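Down below is the structure, laid out as structure tokens.
The values are calculated or read from the model by the stated rules, or taken from the named source; none is laboratory data. Treat the numbers as computed from the prediction; the structure is a model and nothing was measured. Cβ placement follows ideal geometry from the backbone for every residue including glycine, while neighbour counts extend to all protein chains displayed. Side chains included, ligands, DNA and RNA excluded: accessible areas come from the protein's heavy atoms. Shrake-Rupley method; radii C 1.70, N 1.55, O 1.52, S 1.80 Å.
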Amino acid sequence: MVSAVFHNPLDAAAPAARSSERSAAYPIAATAHKPGAPAHNDMKNPAPFVSTVPAPPAASRQPWDSSFLWLAILPPLLGMGLLVLVWELVSVGTGASIPSPRDTFTQAVQVFSDPFYNKGPNDQGVGWNVLSSLKRVAMGFGMAAIVGIPVGFMIGRFDFLSRMFNPLISLLRPVSPLAWLPIGLLVFKGANPAAIWTIFICSIWPMIINTAVGVQRVPQDYMNVARVLNLSEWKIVSKILFPAVLPYMLTGVRLAVGTAWLVIVAAEMLTGGVGIGFWVWDEWNNLNVKNIIIAIFVIGIVGLVLEFALIKLATAFTFEEVKN
């Protein structure tokens with residue numbers, strides 16, 4: 001049997017090409033092994049070996065980005081510095097009737113050294129007062145969410161209910177929350193439930209309005225598909241309306257909790273008891289302006305924390321970024 005072996009010319013040329021490439025990259029090594037070339041056997045004067053392998057490129061340093069310093073750190077520091085400067089000027093201009101920032105800071109260190117002391121119902125630390133106010137806000141706000149969100153869904157879903165309740169909402173929403181406090185005192189016969197009632201009535205309107213607007217802005221194509229598929233009302237609410245309305249609903253929750261925290265301070269000033277609002281009023285009666293300024297900062301910080309927490313919650317449960 002005779003077998004013929006056919007060689008591809010390209011395959012034969014490939015080793016030669018690779019050999020020429022190595023010779024170009026390493027000329028010294030290629031010359032040393034070239035047939036017929038004299039071998040360097042003189043160990044006293046060896047041929048110098050020059051490496052032609054290119055060195056790895058040095059890692060280029062990225063220039064330091066100072067935009068974070070200029071945009072995220074410096075502006076808040078300048079704002080706080082401006083506030084302290086104006087505060088100091090006002091203190092000097094009023095003859096120290098308004099305490100200076102240094103005196104207020106010294107008093108704040110003393111106040112927060114023991115924030116949970118308890119020397120009676122009218123003499124408790126700032127920590128207990130903040131917790132009492134947050135408890136009232138949580139109760140009134142929770143009841144407003146339980147009532148307001150379903151009502152908003154129904155108003156947005158059914159045109160008859162929307163026409164029925166819109167005049168009532170337009171009439172009652174502009175009423176100051178504190179105007180409802182005497183009604184609460186008359187009905188509930190107690191300061192604590194009256195304050196909770198005031199939080200409830202001021203928190204319910206943003207939830208109803210934003211939820212209803214969200215339901216009304218659901219694309220009509222979604223509802224047409226639900227009608228074609230003959231979905232039940234529960235399926236429509238849970239599978240179509242709720243995911244689409246969630247950003248609007250969380251925006252109403254944010255507005256409501258901000259309003260509730262504002263109102264509770266004023267309500268506690270009028271009703272008394274333990275709370276951050278009552279603490280401000282009690283310190284005013286004692287002419288302790290330093291503690292009043294400290295309470296103002298505490299109220300602002302707690303409100304900021306609540307707002308930040310709700311922004312994180314909204315971002316976690318929605319696909320789009322929820323902005324301020």
*What is the sum of charges around Val289, taking Lys and Arg as +1, Asp and Glu as -1, for the other residues whose C-beta is under 11 Å from the C-beta of Val289?*
-1
*asked:* For the ranges 221-228, 285-292, what's the packing order if you count other beta-carbon atoms within 10 Å of each residue, average per peptide, and put the highest first?
replied: 285-292, 221-228
_What whole-number distance in Å separates the alpha-carbon centres of the range 110-149 and the range 205-262?_
32
*For Ile98, what is the net charge nearby, where nearby means another residue's Cβ is under 11 Å from its Cβ and Lys, Arg count +1, Asp, Glu -1?*
-1
*What does the accessible area per residue of the range 187-279 come to in Å², with a 1.4 Å probe and no ligands, DNA or RNA counted?*
46
*FRET efficiency, Ser100 to Leu186 (Cβ-Cβ, R0 56 Å, nearest 0.05)*: 0.80
*What distance in nm separates the simple spin-label points at Leu131 and Tyr117, each placed 7 Å from Cα in the Cβ direction?*
1.7
*Of Ile98, Ile236, which has the most accessible area and how do the rest follow, probe 1.4 Å?*
Ile98, Ile236
*Sorted by packing (mean other beta-carbon atoms within 10 Å per residue), highest first, where do 197-210, 240-253, 84-97 land?*
197-210, 240-253, 84-97
*Asn129: net charge of surrounding residues, Cβ under 10 Å, Lys/Arg +1, Asp/Glu -1, itself excluded?*
-2
*What spacing in nm lies between the two simple spin-label points modelled at Phe297 and Ser176, each 7 Å away from Cα in the Cβ direction?*
3.0
